[in-house]
Structures are given as C-alpha cells and as structure tokens.
Amino acid sequence: MRADGTIALLDRMGRAALPGTVLLYFVVLTLAPLRVPYLSDALPLLPALVVFQYSLATPERLPGPFLLAAGVLLDLLLGGPGAPVGVSALGFVLIRAAVMANRRYLVGVPFLFQWVGFCLLSWGYVIVVWLLTALFTWTAIDPTPAMMQYAVVIVIYPLLGPLLARVRPRDPLNVPELSRGTARPGETTS
Amino acid sequence: MVLQRFALGLLVVAAFAAMLIGKADTVLVENARVLALDLASPALEAIARPVAYANRVIADLKEFASLREENARLREENSRLLAWQTAARRLENENDRLRELSQFREGPEASFITARIVGDSVSAYVRGALLNVGRRAGVTTGQAVVTGEGLAGRIAEVGDNSSRVLFVTDVNSRLPVLVERTRERAILAGDNSSQLRLNLLQGVAGVQRGDRIVTSGDGGSFPVGIPVGEVIQSSEGHIRIRPFADFSRLEFVRVVNYGVTGLVTANPQAAPAPPAGQKVR
C-alpha cells in the first residue's frame, strides 16, 4: 500500500465512519416529530434496518460493541418509565450475528432474497423486543402497534435498503473475483 | 470462529446485564436517560425546526382551500363566545364577592413555562414527547403539561435543558380526575391508544356521553379543573374518553408551574415518585 495523501486518508476515515454515523442519525431521527402517518410509526424500527443493511455490506465498520452502545442509546432515548434498557442493543447484536452467519445466502443474491431475509430477521427482532418489554414491565402489551411498525418497515425496506447499500460496490470484496486484483478487504478501488 | 462466537455471547450477556441493571437501579437509568436527552436535544431541535416549518406550510395550504367556510364558522363561534365571555365575567365577579364574604383561601397561583416539542417519544410502547425546556427553566417532574385545548400529560423526566412528557394516553399514565357535571372522582388511565379509559371509584352510574372530564387536583401537583377530555362512549363499566389535546399536531405546549410541588418531589433524589393515585410501573 502506498503512502496516502491527506485526501485519501480522509476518504478512508469517512468510509469507515459512515455506517456508524448513519446508524446514529437514524437513532436520533427516531425521536424527530415527523408527523407523517405510518412513516413516523415505523421510525423506531429504522435503526434495525440500518444494522441489517450495513451488516450485509460492511460488517467490519459496524462492530458489535458499537451496536451495543447504539442500542442502549436508542432505548434510553425512546424511554418511557420502566421500559427495559438494552432490548434494542440485544436485537441489533443478534441481527448482526444472524447476517454474518448467513452471508452466503444474503450477499450477491437477487434483491428479493435480501428482502425476504430482512422480513425474517426483523420479524425476529420485533418479537424479541416485544416479548422482553412485556416480560420486563410485566404487562400484556397490545402487539398491534408493533405489528403495524413491522408491516411499514417491510414496505420501506426496498426504498431505503438499496440506498444504504450503495456503500457496497466500492468495497473490493464485492467486486467480482477477476477485477479484484490485489486489493485487500477495506481498501478502496479506484 | 470460536472467538466470534465468544464475542457474540459476551455482547448478548452485556445486553441482558444492561436490562437487569435498568430493572435494579432505576435511579442510574433515570440519570442516563436524562443525559442522553440533554445530548440529543440540540440535534433534535435542528431536525425539528425544518420539519415543523414544512408541516406548517402543508397545513397553511390545506387551510387556504377552506378559508371562506372557516371564516364564516369563526365569526359565528366568535359571537357565541362573546356571549359566554359576558357570562364568565359576571360569574367571576360574583365568585370574587362570595369568596370575600366567606374568606376562602385560594390555591397557589399557577404560572406557565412555554416549550417547543423537539422530539416525539412515540413508539409501539411509549406515548410521549421531548421538550426543549428543563431544570434551568424551572421544570420539575410531575408538573402538568397543557395545550390550548386541554391537558396533554405530565413531566416524567427532567434534564438541564430538556424534559420528557408522558402523555395521558401512555399506558403508564394514571390521572386523578373529576366528572365535571357530577363531581364524581375517578382515575383516568391510558392504554397507548388514542382514547382513554375512565375507572370510576364509585359506580359508573350518571356518566353520560359528552360529559367533560377535568383534573381533580388530587395529589397536589396539578391545578384543579384543567380540561382533559370528553366521554364518547359509556356502556356498562366501560367508559372511553377522547382527549381534547390533539397529539398528532402538537408543536408548542405549556408546562404548568403550580408553586406547590406537592407529593411529587418530596424526595428529589429518588426516581420521580408518582403523585398519589398515579401509578407508575
């Protein structure tokens, strides 16, 4: 690797920081008073979407401990007295692990497969969060709003997912084998 | 691979540990929440302003369409309200005189802190909002939050420059109220839906559709008589209330500083103790 100029260094740092920044942005956006019907209901699930998409694209830029911290932050911000802190963190970590374990079925496959994968994983996420919240607050929480969120986020995925995934084609690991040359993971192609 | 498994296990354990700590040490979590709120509120305010502007533009455009009818309606309402104003003035005078006669001691004077809503705290599990005022402006936990139409909720958490409102519609909200017509005391409970449930302390008899529900002031932290909602359905043991406040388009609210902090902040170090009759899990 040749000595990089300042611009290249900034470029690398920017790339490394992008997924985390986007995730934090969506965590804060959860609280934004967007009064758009349906969409504002689904906001709390968008961070999970970001985690899924970036775990697919560039998992090394979204390490587990960072997800844990982001999840705890999300729980703290969403708040409500008695709501358990750390459920989203658990969900994020599990999503990342599930994506990592099933990369071969999710990376380099038609978009429809990724969508199905997202449907399955986010279903698990919603169930885990709902179940743990109900357990920790020891109340029977009406699952309808959670299901509504799920339905909306499923529909949003094809709109938002590809947009987030645009970080991917620049990654040498996602370039076809032949054109990859001697590039190492994490290095940018020109 | 083994290392990855181990790391995953560690992270899962850490997440559960966070949950358990949150369950065990509510004060710590409360402080963490407040810190997170204070950190996030400048960013939120930056997001909220353009969004509020866009919402206002859309609302303006909608209103243009019905300007003429709206004007006619308002003129009619104005004339009706003027009649009410005359009646209210007369009653106020009469009240003052009667109070002088009976040497009635009035409750403390309430003052207001106006706040902008910078964040919605609405998810499948919570109904609330974030305000851009906090301890520095004199906000404390337990204070009532009102809109022009009626009660919106109460302050649940306070940071230096931010605070969180728990709406009356939240599943954790319990509010001591009065049925305005019959003066019957009751508890108003939210269930995360857009309507409220009225739990009467005495029988359900006598509550009719259209009855107004106002705060009773029990517990000392709320002024008496803030309108909360009206009865829209009253069948056997099942009374539903529609809140007056329109939670879908809140932009500014007022925090009622009622002078007495009542039972709410008797022990400021503890997690916000609910006022009597208000149960918080």
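Computed values, structure above
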quantity: Backbone HN-Hα couplings from phi across the range A:20-26 [Karplus 6.51/-1.76/1.60, Hz, Gly and Pro as x]; calculated: x, 5, 4, 4, 4, 4, 5
quantity: Charge tally in the Cβ shell below 12 Å around B:Val34, where Lys, Arg are +1 and Asp, Glu are -1, B:Val34 excluded; calculated: -1
quantity: Spatial separation of Cα centroids for the range B:20-44 and the range A:112-144, in angstrom; calculated: 24
quantity: Ascending count of other beta-carbon atoms within 10 Å, so fewest first, for B:Ile232, B:Ile47; calculated: B:Ile232, B:Ile47
quantity: Net charge over other residues, Cβ less than 9 angstrom from the Cβ of B:Gln195 (K, R count +1; D, E count -1); calculated: +2
quantity: Relative contact order for the range B:109-157, counting Cα pairs under 8 Å that sit 6 or more residues apart, in percent; calculated: 24
quantity: The range A:6-180, relative contact order in percent, only Cα pairs under 8 angstrom and at least six apart counted; calculated: 25
quantity: Local electrostatic count at A:Ser88 - Lys and Arg +1, Asp and Glu -1, tallied over other residues with Cβ under 15 Å; calculated: +1
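Computed from the coordinates by the stated procedures, all read-outs in this text should not be read as laboratory data. These numbers come from a predicted model, not from an experiment. All Cβ positions, even for glycine, are placed from backbone atoms using ideal geometry, and neighbour counts span all protein chains on display.
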